Amino acid sequence: AEEGHTVGNHTWHHPDMTAISSLDAFREELDSVAERYREITGAEISPYYRPPQGKYSVQNLQMANELGYSTCFWSLA
């Protein structure tokens, strides 16, 4: 962050997020990172989320959006 990089959320425990179907459990994974980031930096984490291993479901995308995150993926190209 000090170098100007955008820091997003990648979950606390790095689980297969498709196995998480409750909003509360999903929120806990993201909020744990956001809270720790705030403790360390004094700033809010950027509202970007990248699911571990790139695994996601439509329900997960909706939950991330509901929590104010935009989901980002990557490319090997």
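The values are calculated or read from the model by the stated rules, or taken from the named source; none is laboratory data. Everything quoted here is computed from the prediction, not taken from an experiment. Here the Cβ is made from the backbone with ideal geometry for all residues, glycine too, and neighbour counts use every protein chain on show. Areas reflect the complete protein model, heavy atoms only, side chains present, ligands, DNA and RNA absent. Shrake-Rupley method; radii C 1.70, N 1.55, O 1.52, S 1.80 Å.
Here are the numbers for the structure shown:
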read-out	value
³J(HN,Hα), Karplus 6.51/-1.76/1.60, whole Hz, each residue of the stretch 49-64, x for Gly, Pro	10, 10, x, x, 6, x, 7, 8, 10, 4, 4, 4, 4, 5, 5, 4
Most to least packed among 56-64, 4-12 [average Cβ atoms within 10 Å]	56-64, 4-12
Hz values of 3J(HN,Hα) by residue in the stretch 10-22 - Karplus curve (6.51, -1.76, 1.60), Gly and Pro given as x	10, 6, 7, 9, 6, x, 6, 5, 5, 7, 9, 10, 9
Accessible heavy-atom area order of Glu39, Glu3, highest first, probe of 1.4 Å	Glu3, Glu39
Helix-only mean residue ellipticity at 222 nm for the chain, each DSSP H run of n ≥ 4 adding -39500 (n - 2.57), per residue, nearest 500	-11500 deg cm²/dmol
Amide proton proximity set for Tyr49, modelled H, under 5 Å, gap of 5+	Asn9, Ser70, Thr71, Cys72
Alpha-carbon centroid distance for the pair the stretch 38-77 / the stretch 1-37, whole angstrom	7
Residues of the chain: accessible area per residue with a 1.4 Å probe, Å²	67
Nearest 10 degrees, 0 to 90: helix 23-41 Cα axis against the chain principal axis	10
At 1.306 mPa s and 10 °C, Stokes D of the chain from Kirkwood alpha-carbon radius, µm² per second	124
